[in-house]
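For reference, the structure is listed below as structure tokens.
The values are calculated or read from the model by the stated rules, or taken from the named source; none is laboratory data. Not measured: the values here are computed from a predicted model. Ideal geometry is used to build each Cβ from the backbone, glycine not excepted, and the neighbour counts take in all protein chains shown.
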Amino acid sequence: MGKRIMTRRRGAGSMAYTTPSHKHKGEVHYPYMVKGTGRVLDLIHDPGHTSPIAVIEWDGGEVTHLPAAEGLYVEQTVEMGSEAPAQTGNILPIGRVPEGTNVFNIELQPGDGGRIIRAAGASALVISQGKYTTVQLPSGQLKNIDPRSKATVGIVAGGGRGEKPFGKAGKVYYAMAAHSKVWPKVLGVCMNPIDHPHGGGGHKHIGKPSTVGRGAPPGRKVGRLSPKKKKAGKI
């Protein structure tokens, strides 16, 4: 009987495949208040995020962690609410952001704390306002957002992080481990038969069809999962 394949071991959530929680600085999300004024206490590094994290103390005494906007500095005052000006670092309902403005850390549903556009150097562009606010994502896709959802004005700090090479493989390993990713990735055909259904043989080949049914047991569910049958084209 073979071992469980890596996909199954990761799904179990063991310590080997879990991001180390002691390295993270805390939850990175918007406060639950509707409006307020805050002061940037510090800009810190969090291994679980590619962007710098801004530590903000609000006028009510609450301290939150948020992705820092490009150009944000310590002791800067930021405002949150529908009456806040659309300046870099301020947090507004996205329905109150002028068209043509870059925003990031957008809530998909009002109050969820910020879900998309959080990576270093990323931003979305507000295209139009109406019943929904239409934004253009970095991929070019247009997405309709609830106008009540919060967004931060500006671009996420830390852009260009990929331009500096890692230099050695060990740094990549620890960088991926901080994000709970396994690296390097090994092809199934490079493994032994005990480790993967595609493993074994005198050279790198599967040796059998790579298609697998949707009802296959978990240990066999690798390769092309339940591929769609192509329709015959007209000549």
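Scanning the range 123-176 for residues that are of a type in the set (Lys, Arg) and not in a strand (DSSP E or B) returns 131, 148, 161, 164, 168, 171.
The conditions of being of a type outside the set (D, E, K, R) and buried (at least 16 other Cβ atoms within 10 Å of the Cβ) are met by residue 28. With respect to residue 127, determine if the residue is farther than 18 Å from residue 66 by Cβ, modelled with pLDDT of 95 or more and either of a type outside the set (A, V, I, L, M) or more than 19 Å from the chain's Cα centre (by Cα) (or both). For residue 127, the condition - farther than 18 Å from residue 66 by Cβ, modelled with pLDDT of 95 or more and either of a type outside the set (A, V, I, L, M) or more than 19 Å from the chain's Cα centre (by Cα) (or both) - is met. Applying the criterion of being in a helix (DSSP H, G or I) and touching a strand residue (DSSP E or B) at 6+ places or on another chain (Cβ under 7 Å) to the residues of the range 94-121, the residue that is nearest to residue 79 (Cα to Cα) is 94.
Among the residues of the range 10-39, those that are of a type in the set (D, E, K, R) and either assigned by TED's automatic domain parsing to the domain that holds residue 61 or under 30 Å from residue 78 (Cβ atoms) (or both) comprise 23, 25, 27, 35, 39.
I'd like the full set of residues that are touching a strand residue (DSSP E or B) at 6+ places or on another chain (Cβ under 8 Å) and under 30 Å from residue 83 (Cα atoms), limited to the range 6-33. Of everything in the range 6-33, those that are touching a strand residue (DSSP E or B) at 6+ places or on another chain (Cβ under 8 Å) and under 30 Å from residue 83 (Cα atoms) turn out to be 26, 27, 28, 29, 30, 31, 33.
Out of 143, 150, one residue alone is touching a residue at least 60 places away in the same chain (Cβ under 8 Å) and touching a strand residue (DSSP E or B) at 6+ places or on another chain (Cβ under 7 Å). It is 150. Name the single residue, out of those in the range 27-54 being among the aliphatic types (A, V, I, L, M) and touching a Lys or Arg at 6+ places or on another chain (Cβ under 8 Å), that is farthest from residue 162 (Cα to Cα). That would be 28. Among the residues of the range 120-169, the ones that are surrounded by 14 or more Cβ atoms within 10 Å (Cβ to Cβ) and basic (Lys, Arg) come to 3 in all. Filter the range 90-124 down to the residues that are more than 23 Å from residue 160 (Cβ to Cβ) and under 16 Å from the mean Cα position of the chain (by Cα) and list them by number. Of everything in the range 90-124, those that are more than 23 Å from residue 160 (Cβ to Cβ) and under 16 Å from the mean Cα position of the chain (by Cα) turn out to be 107, 108, 112, 113, 115.
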